[in-house]
Amino acid sequence: MLNRKIMPTIGTIDSIAIPQYETILLENGVPLHVYTAGTQPVVKLDIVFRGGRCSEEQRLAGTAAIKLLREGTTTRTSAEIAEYLDFYGGTLYPTDSMDTTGFTLYCLSKHLEPLLQLVVDLLCQPLFPENELQTYIENAQHGLRIDLDKNDTMAYRIATAAVFGDEHPYGYNSTEEMYAQLTRAALIEYRNENFVAENCFTIASGQFGDTEKALIQQYLAKLPKSGKSPKSIVLPSKTPYSEHILHHSKKKSLQSAICLARPFFNREHPDYIDATILNVVFGGYFGSRLMSNIREDKGYTYGIYSSIGRMKYDGYWLVSAEVGKKVAKNALKEIYFEMDRLQSELISDTEMTLVRNYLMGQYLQQLDGVFSTSNVMRELINVELPMAFYEKMITRIKAITPERLQELAKMYLCKVDFYEVVVG
């Protein structure tokens, strides 16, 4: 019988099995990545179009186009599409980011074919009804007004605009006017230019056999082709703010939102993996320096975190927290204190062991289950990295030294490089 008075033995993770997947090139040139695993007869299908915000001619058109794709085709109304999905027990989620748009389908393996028929209909014959577009615009504007009353939303918007500039795809902020300027013609143009085979990759994951695999290949081969070369992304130059102290007072606020942000880089940079480990020490998990100091010791906040914003072509380093308005200055002082301490003091062996174990556990969790693994696949495929990138990360976690982390702290955790945003 299990003795619950005895704590389970805590072990270390020595290695992580990196799953492999099969890649099939369809007749229309779309790569289909297949990962078969799991015990339940469920299929997840990711259809991803490269570009996202970075390929927009009109701002916000990419997000609007993918979200309105399921609101009607030349053969089905939005109500009929919803009823069809309900009948077959499928779910269809639109997905969009700075670098991609697309959607994800979940369904039982036995209902795969009729839902594939729907997917092809949505992609080949979208209608973008004018009434649905106007409803989308009104809802988006209403949601934006609500968000702009939140200090943390405002601080984040200011911080990312400061890093990249107001005109950059990674830096511009949505406005009610931008939503009002969306037109059906702009959505059709975005779809015609971006939702095409040359710009697409797909991932099928779950428990299914050769019959289902053949069906997926058959239907995805019908995705429309533009006849053009894959669209190349050329980003405008960044125009970061010259002023680094950006405080916005709100008299009625009881709390202040803090965002510290600095320019960073993407996964191709040689310091990327090591810097992500430093980020965990600094503020990337519940036992981090920032949490131990500012939450547990000082009691200024319920939570404070640092994170690395990872886009395909660029990145940023962000520290964010909400604190009492009266202690905002003290919280900033402690954040900078922890930056300085990482530059001046070596991390102890005990803390290094804790961080290594935490990171190994995180990576193990990210690869736990077929659908979690497919999420990792999607992220790496988009930035054109193999699954072996995880092996490289694991190797660095085991090998990195306190001296290396101190060197990185001196390079990247300098107060003068961060934009200081306080709203409240």
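Cross-link partners of residue 67 among lysines, defined as those whose alpha carbon lies under 23 angstrom from its own and excluding same-chain residues fewer than eight positions apart: 44, 222, 225, 231, 312. Taking amide H positions as modeled 1.01 Å from N, with prolines and chain starts lacking one, the residues under 5 Å from residue 165 and 5 or more places away or on another chain are 239, 241. Here the extension length gained between residue 403 and residue 23 equals 132.7 nm, from 0.36 nm per residue of separation less the Cα-Cα distance.
A straight Cα-to-Cα reach below 20 Å connects residue 298 with the lysines 325, 326, 329, 333, residues fewer than 8 places away in its own chain not being considered.
Legend: calculated FRET efficiency, residue 117 to residue 333, from the Cβ-Cβ distance at R0 = 56 Å, rounded to 0.05, equals 0.40. Coupling constants for the range 312-319 follow from the phi torsions by the Karplus curve (6.51 cos²θ - 1.76 cosθ + 1.60, θ = phi - 60°), and in residue order they are 5, 10, 6, x, 8, 10, 10, 10 Hz; glycine and proline get x.
Compared with the direct C-alpha span, the chain from residue 228 to residue 145 gains 25.9 nm at full extension, assuming 0.36 nm per residue. The residues of the chain expose on average 48 square angstrom of accessible surface per residue, using a 1.4 Å probe on protein heavy atoms.
The peptide list 287-297, 121-131, put in order of mean Cβ contacts within 10 Å with the highest first, becomes 287-297, 121-131. Can you give the helix-only mean residue ellipticity at 222 nm for the chain, where every DSSP H stretch with n ≥ 4 adds -39500 (n - 2.57) and the sum goes over all residues, rounded to the nearest 500 deg cm²/dmol? Taken over the chain, the calculation gives -12500 deg cm²/dmol. Note on residue 269 and residue 302: their simple-model spin labels are 3.2 nm apart, each label 7 Å out from Cα toward Cβ.
Packing-based ranking of 78-91, 350-363, 189-202, 241-254 yields 189-202, 350-363, 78-91, 241-254, ordered from highest to lowest mean Cβ neighbour count within 10 Å. Distance between the 7 Å Cα→Cβ label points at residue 88 and residue 125: 1.4 nm. Sequentially through the range 288-301, phi angles give Karplus couplings (6.51, -1.76, 1.60; θ = phi - 60°) of 5, 4, 5, 5, 5, 7, 7, 8, 6, 7, 8, x, 7, 8 Hz, Gly and Pro residues having no value and appearing as x.
The values are calculated or read from the model by the stated rules, or taken from the named source; none is laboratory data. Keep in mind that what you see is a predicted model, and the values were worked out from it rather than measured. FYI the Cβ positions are ideal-geometry reconstructions off the backbone, even for glycines, and counts take in every protein chain you see. Note: accessible area is taken over every heavy atom of the protein model, side chains too, but ligands, DNA and RNA are not part of it. Shrake-Rupley method; radii C 1.70, N 1.55, O 1.52, S 1.80 Å.
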